[in-house]
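To start, the structure itself, in structure tokens.
Coordinate-derived values only; no laboratory data. Predicted, not measured: the structure shown is a model, and the values here were computed from it. So basically every Cβ, Gly included, is an ideal-geometry build from the backbone, and we count neighbours across all protein chains shown.
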Amino acid sequence: MNYRKLKGTVDILPEESAKWQAIENQARNILHNYQFKEIRSPLFEQFELFARGVGETSDIVSKEMYDFKDKGDRHLALRPEGTAGIVRAYVENKLYAPEYHKPMKLYYIGSMFRYERPQSGRQRQFNQLGVEVFGSKNPAVDVETMALAMDIFKSFNIKDLKLVINSLGDADSRLKYREALINYLEPHFENLSKDSKERLYKNPLRVLDSKNEKDKAIVADAPSILDFLNQESKEHFEAVKTMLEELSIPYEIDKNMVRGLDYYNDTIFEVMTTHKKFGSNATICAGGRYDGLVEEVGGPSTKAFGFGFGLERLILLLDLMDYTYPSGPTLDAYVVTIGEKVNVAATRLTQYLRQNNMSVEREFLDRKPGKQFKTADKWHANYVFTMGEEELAKNKVTIKNLKNGRQENIDLTDFYADFERTFSEVKNKLKNKDE
Ligand code: ATP
Ligand code: MG
């Protein structure tokens, strides 16, 4: 039997996983500066949660869900996105209770699953980093959360960035707009794609989001939601724009932009890259306000704002930019063994160094010393500890500073009696003369 990974999945091998760690660490630092706390929710949930939370007419729910019946005949789904599960957790754990500080600022990093046609930047299991802010309608929440997204991308020196915003207004404004949109689209009905025909009466705003070229041409002249905002939504959008300007964050308004989820209202945004080589998947981050979702999932009315972005697409972009990742942690020491008889002593030495908080690898294959030193060089070890049979008989070990080649023969009894003193003495002796 020849096993292969499933279509749309990837193995992240050690060289690649170092990139992931670097990105995640950097993002976590920025999230900490903004005082977001991590939440980890299950990878699968009731199918219904996503159907209602994400919206029945969305591509995610209607075409892309990995749903299945478990052995107890429950209808479940692997999470296709992060928000629904976090909102469920927020409601179920009563995080809305007054003892919790508001707004509650949460983030997650993890795998999402969508049944899609795999291609570059599009997988069936992929990873998202997302944030959710619960419990404030202050437009400053919208702005700081968008600023956070921009800060994360800027921290990787991504220069070709564009923040695009729009407002979907409140439910009332959207109802009026819906009518106007249907009136505009009806005369074009025959020319709309099959999906858009189906959505025209169910959820006409989604027609604006269509990727079909004919649909795109038709909606180019559609009325804009911005002309249907009520006073409150207008003021909210104005406040958001003012604060973005205050922070000197450039933005564009796309009056036809909508989001894939049903429960968005007021501010929505995308971060796009204008990098030449990035092609059509130019959106690297998307989010907005969703004041209706917590209630929809069974909680009290709670204002909310969030975003999500795909880590694979970020890595793709960084690779295109030839981004240099910060170098990972170094190897403190490599233990070279000469002869099988030193195996036990090398085991003791290696563990002793690790217990003293050093990062250490040793030789297991008893190769020629030259090969072992090559490995130590390749891994940029700071020191090599060489154990040979003759030396061991005298209870000695040789420590070499790989940076300058200087070495010192030391007594193991001393070394095991007092690591701090003996090792710092050796390190001093092995320093460059001018250091
Ligand atoms: P697209 O239009 O590319 O299908 P989307 O609107 O479905 O994107 P969202 O649901 O808003 O995307 O998800 C947010 C982000 O997650 C996207 O901007 C992208 O970076 C990433 N993403 C979405 N689907 C995939 C996928 N199948 N593989 C890899 N990343 C993805
Ligand atoms: Mg999609």
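Sequence-ordered 3J(HN,Hα) estimates for segment 354-364 from the Karplus curve with 6.51, -1.76 and 1.60 and θ = phi - 60° stand at 4, 5, 9, 6, 9, 8, 9, 10, 10, 7, 10 Hz, glycine and proline given as x. Amide H to amide H distances under 5 Å link I253 with I165, where only residues 5 or more positions off or on other chains count and H is placed in the peptide plane. In the chain, the DSSP-assigned H stretches of four residues or longer account for a calculated mean residue ellipticity at 222 nm of -11000 deg cm²/dmol, using -39500 (n - 2.57) per stretch and the full residue count as denominator. Between the Cα long axis of helix 14-33 and the first principal axis of the chain there is an angle of about 60°, rounded to the nearest 10. Cross-link reach is defined here as a Cα-Cα straight distance under 20 Å, omitting same-chain residues fewer than 8 places apart; for K159 the lysines meeting it are K19, K276, K277.
Residue by residue, segment 54-64 carries 3J(HN,Hα) couplings of 8, x, 4, 8, 6, 4, 3, 7, 6, 10, 10 Hz when phi is fed to the Karplus relation 6.51 cos²θ - 1.76 cosθ + 1.60 (θ = phi - 60°); x denotes Gly or Pro.
Peptide packing: for 321-331, 105-115, the average count of neighbouring Cβ atoms within 10 Å per residue gives the ranking 105-115, 321-331, highest mean first. Rounded is the label for segment 333-430, because the ratio a/c of its alpha-carbon gyration tensor axes (a ≥ b ≥ c) stays below 1.5. Legend: ranking of residues F153, F44 from fewest to most surrounding C-beta atoms inside 10 Å; resulting order F44, F153. Taking Cα centre as origin and charging only the Cβ of basic (Lys, Arg, +1) and acidic (Asp, Glu, -1) residues, the dipole magnitude of the chain rounds to 1360 debye.
Under the combined filter of DSSP loop state and at most 12 neighbouring Cβ atoms within 10 Å, segment 347-424 retains these trypsin sites (Lys or Arg not before Pro): K394. About its Cα centre, segment 171-226 has a charge dipole of approximately 180 debye under the convention of +1 per Lys or Arg Cβ and -1 per Asp or Glu Cβ, with nothing else charged.
Angle check, please: helix 139-154 long axis (alpha carbons) against the longest principal axis of the chain (alpha carbons), in degrees 0 to 90, nearest 10. Taking the Cα atoms of the chain, the angle to 139-154 is about 40 degrees. Can you give me the angle between helix 171-185 and the longest principal axis of the chain, using Cα atoms only, in degrees from 0 to 90, rounded to the nearest 10? The helix 171-185 is inclined about 70 degrees to the chain. Within straight-line reach of K396, meaning a Cα separation under 16 Å, sit the following aspartates and glutamates at least 8 residues removed in sequence or on another chain: E408, D411, D414, D418, E425. Cβ crowding within 10 Å, taken as a proxy for footprinting-reagent exposure, orders H32, H188, H236, H101 from fewest neighbours to most as H101, H32, H188, H236. Straight-line cross-link reach from K234 at under 25 Å between alpha-carbon atoms covers these lysines, not counting any fewer than eight positions away in the same chain: K102, K137, K162, K176, K255, K303.
In this structure, the amide hydrogen of S193, modeled 1.01 Å from its nitrogen in the peptide plane, lies closer than 5 angstrom to those of D215, counting only residues at least 5 positions away or on a different chain. Of the residues Q128, H380, P204, the one whose Cα sits farthest towards the positive end of the charge dipole of the chain is H380 (charges of +1 on Lys and Arg Cβ, -1 on Asp and Glu Cβ, taken about the Cα centre).
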